[in-house]
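Peer 1: Handing you this structure, nothing more for now.
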Amino acid sequence: MAIEDGQGAREAGQGQPAQARDRLDPAGAARRRFAKGGATGVLLTLASQPGMAADICASPSGSLSGGLQSRRPRAQSCDGRSPGYWKSHTWPAGISRDALFSKVYPCVGRNRDTYGKVTCLAILSHQEFDKGNLGMHMMAGYLNAADGRTSFLTAQLLQKIWSDWQEKGYYSPNPNVHWNAADIVIYLSGTMD
């Protein structure tokens, strides 16, 4: 309810004029337009991240809860690196650049002839069959987990995400949410700087 007080309309119980409070900076206006376009909760979480930095410091199901930044435990590691980083830096012990991607992520069906035949290093560069760069981000996520950069992502969880995506075409971080390949990439990108 608006109240006139000589300084402009004010909402009942609010200290700022309604017009001043409703003004947004350009980034805020863009987020509002994006939100009104029917984006999913995952996309809204990522769209609001400042600079898209590594601010998703939670498991996939935990990322669906609000206030991720304020809930980050101090002991948690959230320092994921991008696929580009891993192409030119030292890998965690025991992971070979020349090993097949299928050694890390078992490949079934049609993926045997594509993902199953490329090396772990090669998948970090765009591959024609890797639409949306899912394999690229899954490999970087695996390296981040193995290097202790993302304590909330384990090799087992990442392998479950991959397995479910291969089997069903999506991964469910909770029973009411289905992430397709693009959603998985958005989530994993948010765990990387």
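The values are calculated or read from the model by the stated rules, or taken from the named source; none is laboratory data. Just so you know, these numbers come straight off a predicted model, no measurement behind them. Every residue, glycine among them, receives a Cβ derived from its backbone with ideal geometry; neighbour counts consider all protein chains shown.
Peer 1: Give the residue, chosen from Pro92, Pro106, Pro83, that is surrounded by 14 or more Cβ atoms within 10 Å (Cβ to Cβ), in contact with an Asp or Glu (Cβ under 6 Å, 6 or more places away or on another chain) and modelled with pLDDT of 95 or more. Reasoning before the result, please.
Peer 2: Numbers: Pro106 fails: in contact with an Asp or Glu (Cβ under 6 Å, 6 or more places away or on another chain); Pro83 fails: in contact with an Asp or Glu (Cβ under 6 Å, 6 or more places away or on another chain).
Pro92 is the lone residue from the list that is surrounded by 14 or more Cβ atoms within 10 Å (Cβ to Cβ), in contact with an Asp or Glu (Cβ under 6 Å, 6 or more places away or on another chain) and modelled with pLDDT of 95 or more.
Peer 1: Next up: When the residues of the stretch 139-193 are narrowed to those that are assigned to a strand (DSSP E or B) and of a type in the set (A, V, I, L, M), which ends up nearest to Tyr105 (Cα to Cα)?
Peer 2: Result: Met192.
Peer 1: Still on this structure, I have one more. For Asp113, state whether it is buried (at least 16 other Cβ atoms within 10 Å of the Cβ), modelled with pLDDT of 95 or more, of a type outside the set (Ser, Thr, Tyr) and in the same structural domain as Thr90 (by TED's automatic domain parsing).
Peer 2: Spelling it out, it is not the case that Asp113 is buried (at least 16 other Cβ atoms within 10 Å of the Cβ), modelled with pLDDT of 95 or more, of a type outside the set (Ser, Thr, Tyr) and in the same structural domain as Thr90 (by TED's automatic domain parsing).
Peer 1: Now for a different question. Just checking, does the stretch 160-183 include any residue being free of Cβ contacts under 8 Å to residues at least 60 places away in the same chain, surrounded by 14 or more Cβ atoms within 10 Å (Cβ to Cβ) and within 19 Å of Cys57 (Cβ to Cβ)?
Peer 2: No, the stretch 160-183 contains no residue that is free of Cβ contacts under 8 Å to residues at least 60 places away in the same chain, surrounded by 14 or more Cβ atoms within 10 Å (Cβ to Cβ) and within 19 Å of Cys57 (Cβ to Cβ).
Peer 1: May I pose another question? For Phe129, are the conditions met, namely being surrounded by 19 or more Cβ atoms within 10 Å (Cβ to Cβ) and farther than 23 Å from Cys57 by Cβ? Give the derivation first.
Peer 2: On the way: surrounded by 19 or more Cβ atoms within 10 Å (Cβ to Cβ): no; farther than 23 Å from Cys57 by Cβ: yes.
No, not satisfied.
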